[in-house]
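Chemist: Submitted below is the structure of interest, expressed as structure tokens.
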Amino acid sequence: MQTEIAMFSLWRGQMAVRGRLTMRQILADVASERGTTLDAIRGRETVRATTVIRDEFYARANDAGHAYAAIGRLLGRHHTSVMAGARRHRRRQACAG
């Protein structure tokens, strides 16, 4: 039986478990795949193209096992905003096929 080892840091919502991507890795992957910058995702811009990318990050980070509160701390947002964004992304994915 394999035991997972978790490392916690309360600063900036970092949490790493062996075999799981960190939120910063997921953030960098989403930014790279979507052709945007980390600052754009972290920023306060409410342009639809940016919020769609941000919502994807929320959903992917949560799917990787990160708590909504931790995701929100990383980007300076309330956990309910993160929950709503992840829900929007999942609905868009369901409608897309």
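Chemist: Name every residue in the stretch 57-90 that is outside any helix (DSSP H, G or I) and either of a type in the set (Ser, Thr, Tyr) or closer than 15 Å to residue 20 by Cα (or both), in order of residue number. Give the steps one after another, and end with the answer.
Modeler: We begin by selecting, within the stretch 57-90, every residue outside any helix (DSSP H, G or I); these are 64-67, 76-78.
Answer for the stretch 57-90, where residues must be outside any helix (DSSP H, G or I) and either of a type in the set (Ser, Thr, Tyr) or closer than 15 Å to residue 20 by Cα (or both): 64, 65, 66, 67.
Chemist: Next question. State all residues of the stretch 41-63 that are more than 9 Å from the chain's Cα centre (by Cα), of a type in the set (Gly, Ala, Ser) and surrounded by 16 or more Cβ atoms within 10 Å (Cβ to Cβ); if no residue qualifies, say none.
Modeler: Residues satisfying the conditions do not exist here.
Chemist: Filter the stretch 40-56 down to residues that are over 20 Å from residue 28 (Cβ atoms) and either assigned to a helix (DSSP H, G or I) or touching a Lys or Arg at 6+ places or on another chain (Cβ under 8 Å) (or both), then give me how many there are.
Modeler: 1
Read the figures in this text as sums done on the coordinates, not as results from a lab. Please read all numbers here as calculations on a predicted model, not as lab measurements. FYI the Cβ positions are ideal-geometry reconstructions off the backbone, even for glycines, and counts take in every protein chain you see.
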